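Everything below concerns the one structure shown next.
Bear in mind these aren't lab numbers, they're just calculated from the coordinates by the rules spelled out. Everything numeric in this text was worked out from a predicted model, so none of it was measured. Using ideal geometry, Cβ is built from the backbone for each residue, glycine included, and neighbour counts are taken over all protein chains shown.
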Amino acid sequence: MEIVIQKFGGTSVKDVAARKQALVHVKYAVDHGKKVVVVVSAFREPGASYTTDGLLNLVHNNQSRLSKRELDMLVSVGEIVSATVFTEQAREAGLDATALTGSEAGIVTDDEFQNAKILNVDPTPIKKMFKKTNVVVVAGFQGATKDGEITTIGRGGSDVSAAVLGMALNAELVDIFTDVSGIMTADPQLVKRARCLKSISYDELANLAHNGARVIHPRAVEVAKQANLSMRIRATYQQPEELGTIVGERNPRISHYRTVTV
């Protein structure tokens, strides 16, 4: 069974049109014989109550009287909404898909609510689903404790969800879809001639992420390196044949590597 992970961020699933473009990539993988785990973030749609920020605003955000455990109950809803809506649209597009919460997908965490650490990922639930479906849509950013309490794994945690699921399922590839075509040589909003890198090492990308680059969560890169996962950073609006930036080990043919600094 060849499994690929496709993670779509909030802007990639924010509305019907965005999800339609995301589904182009899902269908392409299915048509090429792959089983696809789609990991989704909450919608990033200004003003909507089911975004992460919108949900927090319902309870006065930083002034909320809810405990961290209760806040995790609340904000986890955003990704669950995203996963179920994406699944509905996938079925409308003719794909055989099913939706799972993070805990249903086998993600077990500690009880550090709002910033939980993933302790274990059981691949069994998704493998069982793949016996009867080609696409499993997982709510990112979340899991549950051993006692079944809902947890979230911090902002940007859907990237981490994708990486750990890729590791647990021995995935062939993890694609991180964003609104940029890959890792750029500079901020394209500041440098007009910035170009997309064809490849980058785990260490270089982790360094960029730790220093504020918002393309991917640094913990996701660390997991990918540990598991030697093939990873790509891509744009949802690109055609499926386009590669984006490939992430892997340093090229041994380059004798003078200099770690990226900011």
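A few remarks follow.
- Assigned charges on the beta-carbon of Lys, Arg, Asp, Glu; the chain dipole about Cα centre (debye): 640 debye
- Most fluctuating residue given options Arg65, Arg232, Arg155, as computed from a GNM of the chain linking Cα atoms under 10 Å: Arg65
- Within the listed set Asn62, Asn134, Asn207, the Gaussian network model of the chain (springs between alpha-carbon atoms below 10 Å) gives the highest mean-square fluctuation for Asn62.
- Structural descriptor for the chain: relative contact order 20 percent, calculated from alpha carbon pairs under 8 angstrom and at least 6 residues apart.
- Put a dot 7 Å past the Cα of Arg214, heading toward its Cβ, do the same for Val24, and the two dots end up 2.4 nm apart.
- Candidates Ala163, Ala235, Ala209: whichever shows maximal mean-square fluctuation once the chain is modelled as a Gaussian network with Cα springs under 10 Å: Ala209
- Fraction of C-alpha pairs exceeding 27 angstrom in the chain: 35 percent, rounded to a whole number.
- A Förster distance of 30 Å, applied to the separation of the beta-carbon atoms of Glu172 and Glu112, puts the FRET efficiency at 0.40.
- For the stretch 86-143 and the stretch 11-65, distance of Cα centres in Å: 14 Å
- Cut-off 16 Å (backbone N to label point 7 Å along Cα→Cβ of Glu242), residues of the stretch 178-192: 178-185, 188-189
- Residues of type lysines that Lys20 reaches as a straight line, Cα spacing below 27 Å, ignoring anything fewer than 8 places off in the same chain: Lys7, Lys34, Lys35, Lys127, Lys128, Lys131, Lys132, Lys198
- Taking other C-beta atoms within 10 Å as the exposure proxy, Phe177, Phe113, Phe8 rank Phe113, Phe177, Phe8 from fewest upward.
- Reach of Lys117 by Cα under 16 Å, taken over lysines that are not fewer than 8 positions away in the same chain: Lys68, Lys146
- Difference of contour (0.36 nm per residue) and Cα-Cα distance, Glu2 to Leu66: 18.8 nm
- Listed from fewest to most Cβ neighbours within 10 Å, the set Thr152, Thr245 follows the order Thr245, Thr152.
- Extended-chain gain in nm, criterion 0.36 nm per residue less alpha-carbon gap, Ser199 and Asp122: 24.6 nm
- Shape class of the stretch 169-246 from the Cα gyration tensor (axes a ≥ b ≥ c, square roots of the eigenvalues): oblate, since a/c reaches 1.5 or more and a/b does not exceed b/c.
- Length available on full extension from Arg91 to Ala17: 0.36 nm per residue minus the Cα-Cα distance, which gives 25.1 nm.
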